[in-house]
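Any read-out appearing in this document is the output of simple, stated calculations on the displayed coordinates, not a laboratory observation. Everything numeric in this text was worked out from a predicted model, so none of it was measured. Neighbour counts run over all protein chains shown; Cβ positions are idealised from the backbone, glycine included.
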Ligand SMILES: [Zn+2]
């Protein structure tokens, strides 16, 4: 394996990730939710931070940057569209760019909607995608800044990644997302199995990520907006534009408790 990924929880429900390129020993944090938690994970592994890849500008994803920049010789990379909102960016990227970490590279993918400049980072060689708050297991980020059309297009790009791609998302929201997903598709067999697995894992305090994109394609309602049964579940016409079905799903989740 070309990289090792360390997964840990930060703050209340943020995921912290370290990606370690084995060949060059370069190590990247994906987002900077909590400098203390990131430093503890680095110490535990015996790794030194060289890079930070930022998915979007929200405070709970960038708050650790000042301390990390002070304590390490790091290059902070993030979306050009949000450069004015992220303090301490060294390199700005746009969708389609490749970011390198030693011998490992990440394709920058546009995933607008939660924030306008939100990006995901796809490591094709190892089949890992870091989706920030664009895609969660069985859910997606709240649409704070974008419009349903572009957000759905971004999610479709993620969905087009190979089934075996492992999804590393920004928050542990899987149990709540499963409850909503089941309210939409109560008879989805794969979803029922995944939901019970998630409940068991959470009861044991285990992480529910990474999860394969293949599993997400079968269980995440927000990746299934173009399936006729989803339109039907939302009380919409089967032939309706998938972006409109997606918008209905997103609105329903906002009001779901
Ligand atoms: Zn966010």
- [ ] Mind pulling the angle between the C-alpha long axis of helix 242-254 and the longest principal axis of the chain? Nearest 10 degrees, somewhere in 0 to 90.
- [x] 80
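When DSSP assigns beta bridges and you keep just the ones with both residues in the stretch 35-182, what percent turn out antiparallel, to the nearest 5? If you can, show how the numbers build up before the last one.
Working: 13 of 23 bridges.
Bridges in the stretch 35-182 that DSSP calls antiparallel: roughly 55 percent.
Classify the stretch 52-133 as rounded, prolate or oblate, taking a ≥ b ≥ c as the square roots of the eigenvalues of its Cα gyration tensor: rounded when a/c is under 1.5, otherwise prolate if a/b is larger than b/c and oblate if not. Show your work: numbers first, answer last.
Working: a/c = 1.77, a/b = 1.15, b/c = 1.54.
It comes out oblate by the Cα gyration axes.
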TODO: Under 16 Å from a label point 7 Å along Cα→Cβ of residue 2: give me every residue in the stretch 24-54 with its amide N that close.
DONE: 24-28
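Hey, any idea what Rg/Rh is for the stretch 137-232, computing Rh the Kirkwood way over Cα pairs? Let's see the in-between values first.
Working: Rg = 13.0 Å, Rh = 13.8 Å.
In the stretch 137-232, Rg relative to Rh is 0.95.
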Task: Ranked packing of 125-138, 62-75, most packed first, by mean Cβ within 10 Å - done: 125-138, 62-75
- [ ] Which order do the peptides 45-55, 109-119 take when ranked by the mean count of other beta-carbon atoms within 10 Å per residue, highest first?
- [x] 109-119, 45-55
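What are the semi-axes of the equivalent ellipsoid for the stretch 1-54, taken as the square roots of 5 times the Cα gyration tensor eigenvalues, largest first, in whole Å?
Numbers: eigenvalues 66, 22, 19 Å².
Over the Cα atoms of the stretch 1-54, the semi-axes work out to 18, 10, 10 Å.
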Task: Two-decimal Rg to Rh for the chain - Kirkwood Rh, Cα set - done: 0.97
Open item on the list: Nearest 10 degrees is fine. How inclined is helix 35-45 to the longest principal axis of the chain, computing both from alpha carbons?
Closed with: 70
- [ ] State the antiparallel share, in %, of DSSP beta bridges confined to the chain, rounding to the nearest 5.
- [x] 70
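Taking the Cβ-Cβ separation of residue 226 and residue 103 as r and a Förster radius of 35 Å, what is the calculated FRET efficiency to the nearest 0.05? Walk me through the intermediate numbers first.
Details: r = 37 Å, r/R0 = 1.06.
Calculated transfer efficiency: 0.40.
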Open item on the list: So for the stretch 218-257, averaging the separation of alpha carbon pairs under 8 Å that are six or more residues apart and normalising by length, what relative contact order in percent results?
Closed with: 36
Open item on the list: Once you place label points 7 Å from the Cα toward the Cβ at residue 87 and residue 11, how far apart are they in nm?
Closed with: 1.6
TODO: Report, in degrees rounded to the nearest 10, the 0 to 90 angle that the Cα long axis of helix 148-159 makes with the longest principal axis of the chain.
DONE: 70
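I need to check one value: relative contact order of the chain, counting alpha carbon pairs closer than 8 Å and at least 6 residues apart, in percent. Numbers along the way, then the final one.
Numbers: 543 pairs, mean separation 33.4, N = 257.
Relative contact order comes out at 13 percent.
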